[in-house]
Amino acid sequence: MFCFMLKEITTKELLKKTNIQLIDVREPYEYEEGHIENSINIPMDNVLKSLDKLDHSKQSIILYCRTGRRSASVTYMLNKLHKISVYNLKGGYKNFSKVIAK
């Protein structure tokens, strides 16, 4: 049986990357409360309707939410069902904020 591995990236790996697109899949009010610089907000429910906003010219497309759960399911869906290569930010915005605060 085929087991699908979720493509994830840690905050430390993210901070070393260039030429990326960051997509926040949280709701707009969550995005307004705080987000990763240069990210765009495409709420989870709108991702499939917004595939044209994914920038395939970037080396990596990275999705995140508050803790990584919602973005993990969107990452899985895009990778497995639509064959679009994207990564999930492990631990989400919550973990990102902790790491950069150190």
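Derivation of every value follows stated rules applied to the coordinates shown; laboratory data play no part. The model shown is predicted, which means the values in this text are computed figures rather than measured ones. All Cβ positions, even for glycine, are placed from backbone atoms using ideal geometry, and neighbour counts span all protein chains on display.
Observations, loosely collected:
- Scan of segment 9-52 for residues that are under 12 Å from the mean Cα position of the chain (by Cα), within 17 Å of residue 85 (Cα to Cα) and polar (S, T, N, Q), ordered by number: 10, 21
- Filtering 58, 80 for residues that are surrounded by fewer than 20 Cβ atoms within 10 Å (Cβ to Cβ) and outside any loop (DSSP other than H, G, I, E, B) leaves a single hit, 80.
- Pairing each residue of segment 29-52 that is touching a residue at least 40 places away in the same chain (Cβ under 8 Å) and within 25 Å of residue 17 (Cβ to Cβ) with any residue that is among the small types (Gly, Ala, Ser) and in a helix (DSSP H, G or I), provided the two are 6+ apart or on different chains, yields C-beta distances under 8 Å for 34/97.
- In segment 61-77, the qualifying residues are those that are touching a helix residue (DSSP H, G or I) at 6+ places or on another chain (Cβ under 7 Å) and outside any loop (DSSP other than H, G, I, E, B), and the one that is surrounded by the most Cβ atoms within 10 Å (Cβ to Cβ) is 64.
- Of the residues making up segment 2-52, those that are surrounded by 13 or more Cβ atoms within 10 Å (Cβ to Cβ), closer than 16 Å to residue 74 by Cβ and among the charged types (D, E, K, R) are 7, 8, 24, 26, 27, 30.
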